[in-house]
Structures are given as structure tokens and as C-alpha cells.
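Presented below is the structure to which this report refers.
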Amino acid sequence: MTDTALHAVLSGADTSVRPQDDLFRAVNGTWLREKEIPADQVSVGSFIDLRDEAELHVRELIEKAADAAGATSSETAADSAPGVPAESLAKVVALYRSFIDTAAINEKGTAPLAADLDPVASAKTKEDLARVIGALMRTGVDSFFGVDVAPSLANPNVNEFSIGQSGLGLPDEAYYREAQFAPMLDAYREFVPQLAQLAFDEAATQPSPAITAASARVIDVETKLAAAHMSRTDARDMDKVNNPMSFADFVASAPQFPWASALRAIGYDPDQLGTIIVTTPQALQAAAQLWEETPLETLQEYTRWRILLARASYLPEVIDAKNFDFYGKVLAGTTQQRDRWKRAVQLVNGVLGEAVGQLYVASYFPPEHKATMDQLVADLLDAYRLSIRGLDWMSEATKERALAKLDTFAPKIGYPDKWKDYSSMQIGTDLLANIRAACEFEVEENIAKLGKEVDRSEWHMNPQTVNAYYNPQWNEIVFPAAILQWPFFEQDRDAAFNYGGIGAVIGHEIGHGFDDQGSKFDADGSLNNWWTDEDRAEFEKRTAALIAQFNSYIPAQLNGDEAFHVNGELTQGENIGDLGGLSIALKAYEIHLEREGLTLETAPVLDGYTGAQRVFLSFAKIWQGKNRDEWARQLIAIDPHSPSEFRCNGTVKNIDAFAQAFGLEEGDGLYLAPEERVRIW
């Protein structure tokens, strides 16, 4: 019996590689050798292919909304998109056009920056500058701190204010101190004065001594900020970032900076904040001390640099290109900037994502997909229940609480029930004015939420996003429409491929509810320990073994460079999600087979592959991907996800069913002795 879905899954396979030795390359090896990464991309693969397709679809939808022939009225645009507010469509079209109109952007030059820069120059005191910084934060320019409003960790039904570290020009604090990133830091030292010269001294052909000196002072400020920043590993630890206190106590802990003045300028009333969460106390204390020790003029230089970084992509092409030279070429390894229309789509998705999403769903999300996904999710949840009940390392008391949490999981599939209202956002023809307006819209949304009951109907991804997520405070798993496509999902293909594809993704997201951090949240979404001490210790013993495994992995493309091994601690949550997700997806496939009157042993064999084998082949296919070397190094430093090859191979080698399905024996590349396999869920 043959199957076209199987042929598609194996279309990039390398028959010289055995799945027992390297499942990732057995399924993807020929593709890895032959596929070129486009000049304007940092990576390519299953997720990127779907992202590119979604971008094309969004572009077509925007052009259709504009009537392709140059329609400008909201009424004309609305005719092509019934059900979407005409005003929202007009804003989508206007924002898109304002970004692709490079002639207008170039003609304006750096003049639009004056609204940001003039108040900085006018600041006579540090208190003045703090107010300017707050006003800039309203319009999308972060300083050495960032603020947010989100569900309370103690009471997820209420929104509360949080504040934490920010303000670096490099991807992570490690770039300022670790030897392997020294070339990047050296390149940054060259880049800062070059970009500053283009923006602040256009007539010059090279940075002046004054700009060069100012740039050095800015980098010194960033280096001092970075020295106190919490690491990314610590920053994902809920216990370490959960530091509730009154605003008065926070100010007393970092008194050198006029916090109240800055927050009022953003739009917050410090007297109405209530309990706040300070995610990175030490970093903010160090930043406040640095504020006191640093001359006003240097703080103004630093603030001007923050403005330039925030605005560079929306300024004349010469500045935009110089910005890309560093962030695109040096840091990420790309040689060509993405087409302007692709970046315009990305901007519109970020600013007016649900307006576009409403168009996308109407055109590209068949209603029957939702019904099929509902069944897949139900099977995955049932499989988790079976697995939890059968755990031999967990007490009955903790199992009962885990099952209670599982029973409260809320799936969201495809698109929101209620679309966001963009009526108060002002979008016109000037790009930078549009950016400021979009940021102010978001700030005002947050201010309005503060202290209010959360709206659980909200989505934190757009329907046209190729991804999925778990929200521990709402205990929800969310699957946007755009991921519900091949190779993750197809409506009528052999079920094994769907369970190994989107099924593993569903299982992964459910698994986040029980990973090293998600497991700290109870069934109500509160940060609350529901484990016995003995069970928690056993869980951490098992996760420690998984951390050790992943710490030993180095991407093949980096040729054994120990400086860039996977950070098993940073990636443990995702690795737990992958391991649990695939294990449970296979159990869910068994549940599906039972409905059909079948078992794993009696499932159809297609081209010699059993049902269980097809689940694993599909899993390997969804992780098909390759990165530029520069991007691979950056991801190792900052990304809580492991590289694709290890999300595949590092996962399956721990699964007994994989060893059974492919008959693994000692000496095979993916063989782990049973006692060395990590089994959690």
C-alpha cells in the first residue's frame, strides 16, 4: 500500500542514512545538502516555508483590500472584504503603503526624528530627561527599563504592572562579556558611530571625533547595564522574576532614578499601580545607580542612540541599509535585506494583525479544519490523562492535581471569537507618525487593563502566524490558523502524519503546562506549588538528566565548537515539551486507531512503514530546517528552543516506542540504554 503523504514526507530524505542512526538526516538529509538559504533569510525550513506562504497571502489580501487598481476609499476596500470594518481595512492599506513608499521616506530624510530628538536636547536636568524617556517609551523607544501590564502571577484573573531590564543594543548581555562574542562587540563598536553619523551628521562622509567619542560612551553605558542584567536562563525562572512589592518599596530599592516622573510621562499613575512585579530587581538597582553616576550629557547621548535604534528601519534607505549591515549581515549572516513588501507585511501583521487575520481566516481557514483539530486536541488530552495515571514516579496526590489541571486546559483553534477594535489607532501617510501612533495605541491598551479583570478571549498571536503557544496563567493552548497546514496538518491524509506533525505540536504545548516552569502554575493559573516535595525532587532529577543530555550537543554546522554547545538549562522547558509532546502524540494516535478498531500492531503499513514509524517520520519532517552559521550562534545564546536537529534526534532517542518501532540496537547512533532514557510524562 502506498501513500502520497509518505512520499511528501520523504521527499528530502537521504536513503544512505538509517533512522536508527540519525532520524533527522534520514528524513531531511538530501534537503539539507541541496537546499540553499535565500540571501535575505537567516534560515529555511518547514516553519519558514509556511511563514513565506502566509506573507504572500497577506500581501494579496492587502492588495485586494486596496482594490489592486489604486483604490483609496475605505468603502472600496471594504467591498473586497465583507465583515471587516472598513476603517480597519483603510488603516491596513495606509500603513502598508506608508512603509513601501520609499520615495516619500527618503524625501523627508531625518526630519521626522526631530519630534523624538528635540525634547532630549531640551532636557536641562536628569529629571527632565526621565520625563522625556517616559514620553519616548509611549511611542516605542525603550530605555534601560521596560514596562508591561499582564495577568498577575498570584491572581491570573487580574492585570498588574511589571517592570524589568532593557536597553541593550546587542542581542544579549553575554555579547558584552563572553569571548566568543568579541568579534560581534568589535563590529558593534564600528557600527554605532557609522549609523549615528548618517542620522545626526548627514553632511559628513565619516564619523566625526565627537560622534566617535559619544558612541564609545554609549557602548560603555550598555556594557555597565549588561553587567547587571539577569541571564536568559534565570529570566525564564518564574520564581526568580516573581518579585511583588509596592511601588514605594521599589522606588526605595532603586532611589537614584525618578521613576514616578518617567511613569507619569508614559501615562501611568504611580499612585494607582497597586502591587507591582519587579522582574529584575538587581538590574534595575544597578541601572538607577548608573543613572546617578553618569553625566546628563552621556545619558542624553544614550537616549539618542535608543531613539535611532528604534527608528532606523523607518528612516531613509541609506540609514535602513546601514542598520541592516550590522543586524542582518554581521549578527545574522544574511547578505541581502528582505524585500520591502515582505517587511511591510511584517509591520502590518504586528500593528494591525487581527484586522489582517480576519481577512486571512475568511480566505485560508476551512471550517472543517477546526472540527478535525478539536478531535486531535481531545485525543492528546485523553492521552495525557492515561499517561499521568500510569506514571510510576509520581504520588497519587500529585497525580490528582495534575489531572485537575489537565481538565481545565482551554484550547483555542484558528482565530479569536472576538476581533480587536482598532478604531482609536490613528494611521495616515507618514510612516514614523504611524509607528508612534501604533505604539501609543498599545500603551493605552495596557493602561486601560491595569487593575481590571483579564479578558481571556484575547489572543497573543495572530491567525496568520505560523506558531502555537501555551499560556500558563490562562492554562490555554493556542493554535493559529496558519500552522494548520502541511507538513503539520492535512485534512484527509493518513492520521499517523497528523499525529506526528500537529499532534506533536499540540502535545508540546500541553506539555508546557507540565514543564519546569509551567508546572509551577496550578489549575487556576496561579503561581502556586501543587507538588509534594518528593515528587518535585524526582521531577527535577529527571529534568537534570535531560539538561545534561542537551548540554552535550553542538550543531553539526559549527564543527564541534564547544563555545556554542546547546544550553540545556535555557532550553529545558522546550525540550520537556518536545519529549512529552511526541510521547503523548503517539499515545493519541493509538486512541485514534482504537476508534477505527485497530492497534499499533494492526495499523496499515504504507510502503513498508508501520503506523508508529510514520508518526516519527512526520515528526522529523516538521523539524526540517537549517540556519546560517551566524544565526545558529546567536540562537544558541538567546533562544530557549534547541536547534532543529536536536529537537528531533534528542527527543526520539529517549522514547522507548521509537526504539521499538525501528528496532534500535546497541551501537546504533540514536540508541540509549533504557536506564539512560529520560521519561517524564
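Pick from region 420-438 the residues that are among the hydrophobic types (A, V, I, L, M, F, W, C) and buried (at least 19 other Cβ atoms within 10 Å of the Cβ): which of them is nearest to Val93 (Cα to Cα)? Ranking the candidates gives Ile427 first. Against the conditions (1) in a loop (DSSP other than H, G, I, E, B); (2) closer than 30 Å to Glu538 by Cβ; (3) polar (S, T, N, Q), Ser519 satisfies every one except (1). Considering region 125-140, and only residues there that are touching a residue at least 40 places away in the same chain (Cβ under 8 Å) and surrounded by fewer than 22 Cβ atoms within 10 Å (Cβ to Cβ), the residue that is farthest from Val351 (Cα to Cα) turns out to be Thr125. The residues on offer are Ser526, Ser519, and the sole one that is small (Gly, Ala, Ser) and over 23 Å from Val652 (Cα atoms) is Ser526.
Across region 238-280, what is the total count of residues that are assigned to a helix (DSSP H, G or I) and under 24 Å from the mean Cα position of the chain (by Cα)? Here the count works out to 4. Within region 373-399, residues that are within 17 Å of Asp533 (Cα to Cα) and free of Cβ contacts under 8 Å to residues at least 12 places away in the same chain sit with their Cβ atoms under 8 Å from residues that are assigned to a helix (DSSP H, G or I) and among the charged types (D, E, K, R), at 6+ positions apart or across chains, in these pairs: Lys399/Arg389. Got at least one residue in region 350-365 being more than 23 Å from Met425 (Cα to Cα) and of a type outside the set (A, V, I, L, M, F, W, C)? Looking through region 350-365, at least one residue is more than 23 Å from Met425 (Cα to Cα) and of a type outside the set (A, V, I, L, M, F, W, C). Number of residues in region 369-399 that are over 26 Å from Ile483 (Cβ atoms) and charged (D, E, K, R): the value is 4.
One residue alone among Leu117, Leu50 is among the hydrophobic types (A, V, I, L, M, F, W, C), farther than 30 Å from Ile307 by Cα and at pLDDT 95 or above, and that residue is Leu50. In region 359-470, counting only helices (runs of 4 or more DSSP H) that sit wholly within it, the ones holding 1 or more residues that are out of contact with any strand residue (DSSP E or B) (no Cβ under 8 Å at 6 or more places or on another chain) and of a type in the set (Phe, Trp, Tyr) span 367-390, 431-449. In the set (1) surrounded by fewer than 16 Cβ atoms within 10 Å (Cβ to Cβ); (2) of a type outside the set (Lys, Arg); (3) not in a helix (DSSP H, G or I), the condition left unmet by Asp118 is number (3).
Just one residue in the set Ala228, Ala262, Ala235 is crowded, with 16+ Cβ neighbours inside 10 Å, modelled with pLDDT of 95 or more, closer than 22 Å to Ala154 by Cα and not polar (S, T, N, Q); that residue is Ala235.
The set of residues from region 281-317 being in a loop (DSSP other than H, G, I, E, B) and either touching a Ser or Thr at 6+ places or on another chain (Cβ under 9 Å) or without any contact (Cβ under 8 Å) to a residue 12 or more places away in the chain (or both) comprises Pro295, Leu315, Pro316. Looking only at region 18-52, which residues are acidic (Asp, Glu) and closer than 21 Å to Lys329 by Cα? If the condition is that a residue be acidic (Asp, Glu) and closer than 21 Å to Lys329 by Cα, then Glu36, Asp40, Asp52 are the ones that fit. Applying a threshold of 7 Å to beta carbon distances and a minimum spacing of six or more residues, or different chains, the list of pairs starting in region 257-276 at a residue that is under 19 Å from Gly451 (Cα atoms) and ending at one that is outside any helix (DSSP H, G or I) and modelled with pLDDT under 95 reads Gly274/Gly451. One residue alone among Glu630, Glu645 is of a type in the set (Asp, Glu), surrounded by fewer than 22 Cβ atoms within 10 Å (Cβ to Cβ) and assigned by TED's automatic domain parsing to the domain that holds Tyr609, and that residue is Glu630.
Taking the numbered list (1) surrounded by fewer than 22 Cβ atoms within 10 Å (Cβ to Cβ); (2) touching a Lys or Arg at 6+ places or on another chain (Cβ under 8 Å) in turn, Ala383 passes all entries but (1). Would you confirm, using the coordinates I've provided, whether Pro255 is surrounded by fewer than 16 Cβ atoms within 10 Å (Cβ to Cβ) and modelled with pLDDT of 95 or more? Here the answer is yes, as Pro255 does meet what is asked.
The values are calculated or read from the model by the stated rules, or taken from the named source; none is laboratory data. The model shown is predicted, which means the values in this text are computed figures rather than measured ones. In this analysis, Cβ positions are derived from the backbone assuming ideal geometry, glycine residues included, and neighbour counts consider all displayed protein chains.
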